[in-house]
1. Given the conditions (1) touching a residue at least 40 places away in the same chain (Cβ under 8 Å); (2) open to solvent by 90 Å² or more (accessible area, probe 1.4 Å); (3) under 14 Å from the mean Cα position of the chain (by Cα), which single one is not true for Leu171?
2. Within the stretch 79-111, which residues are surrounded by 11 or more Cβ atoms within 10 Å (Cβ to Cβ) and modelled with pLDDT under 80?
3. Kindly list the number of the only condition in (1) at positive phi; (2) touching a helix residue (DSSP H, G or I) at 6+ places or on another chain (Cβ under 7 Å) that fails for Leu67.
4. Every residue in the stretch 11-56 that is open to solvent by 80 Å² or more (accessible area, probe 1.4 Å), at pLDDT below 80 and within 20 Å of the chain's Cα centre (by Cα), please.
5. For the stretch 105-118, indicate whether the set of residues that are outside any helix (DSSP H, G or I), out of contact with any helix residue (DSSP H, G or I) (no Cβ under 8 Å at 6 or more places or on another chain) and over 24 Å from Trp3 (Cβ atoms) is non-empty.
6. State yes or no: is Ala137 under 21 Å from Ser59 (Cα atoms) and among the hydrophobic types (A, V, I, L, M, F, W, C)?
7. Scan the stretch 121-133 and report the pairs whose first residue is open to solvent by 30 Å² or more (accessible area, probe 1.4 Å) and whose second residue is of a type outside the set (Phe, Trp, Tyr) and outside any helix (DSSP H, G or I), with Cβ atoms within less than 8 Å and a gap of 6+ or a chain change.
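The values are calculated or read from the model by the stated rules, or taken from the named source; none is laboratory data. What you see is a predicted model; the values in this text were computed from it and never measured. Glycine also receives a Cβ, built like all others from the backbone with ideal geometry; neighbour counts cover every protein chain displayed. Quick note on the areas: whole protein, heavy atoms, side chains included, nothing else; ligands and nucleic acids left out. Shrake-Rupley method; radii C 1.70, N 1.55, O 1.52, S 1.80 Å.
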Amino acid sequence: LAWIFLGERVSKNLALAFVLALFGFSLLSGLTLGHSLTPWEGPVWGNLLMFLSLLGEASFSTFGRKLLKRHTPTAIFGSILLVGTGVLTAVVITIHGFPALDQFSLTSAAALFWLGPLGTLAAYLFWIIALPQAPIASLSITLFVQPLLGAFLGTVFLHEQLAATQWLGGLLILVAV
């Protein structure tokens, strides 16, 4: 997207790294040719949603870079955070109704803190500050660490088993990064 909309050049090394990361993601998540020839089931829909979220990340980076020419990183990020939080809150309340406050626990508070200030605020604020200083293609490769870390945490904490092809996919992502 940065190449199309911003005219950024993509070196051969970055293009190769992106192809490796994309192939690794496909192996890691099970989005292989075999799945595309049979009815999709199980985690494939979630994995496809993860891939689509990477397209959202690419759009954020590309159009965020354009906005950085006229606005500060904190103003852009604050606006995005405010709108995103409002839309997601409205969607959740529409689908699930208002949350029951008597079910709120220390665990749910810790989860909100982890996902909010740590997982979202710190990561995206760093991203928007780094955006003008590095080519988007270089930054985008690091996005493939998210599904890799998710698979790793699933293996460690949930004792999920990864197939050899999934390990190979993870290795390809690490090589690409």
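1. Of the numbered conditions (1) touching a residue at least 40 places away in the same chain (Cβ under 8 Å); (2) open to solvent by 90 Å² or more (accessible area, probe 1.4 Å); (3) under 14 Å from the mean Cα position of the chain (by Cα), the odd one out for Leu171 is (3).
2. Taking the stretch 79-111 and keeping what is surrounded by 11 or more Cβ atoms within 10 Å (Cβ to Cβ), we get 79-81, 84-85, 92-93, 99, 104, 108, 111.
Result: Pro99, single match.
3. (1)
4. Pro43, Trp45, Leu49
5. Scanning the stretch 105-118, I find at least one residue that is outside any helix (DSSP H, G or I), out of contact with any helix residue (DSSP H, G or I) (no Cβ under 8 Å at 6 or more places or on another chain) and over 24 Å from Trp3 (Cβ atoms), so the answer is yes.
6. Details: under 21 Å from Ser59 (Cα atoms): yes; among the hydrophobic types (A, V, I, L, M, F, W, C): yes.
The answer is yes for Ala137.
7. Pairs that qualify, where the first residue is open to solvent by 30 Å² or more (accessible area, probe 1.4 Å) and the partner is of a type outside the set (Phe, Trp, Tyr) and outside any helix (DSSP H, G or I), are Pro132/Leu68.
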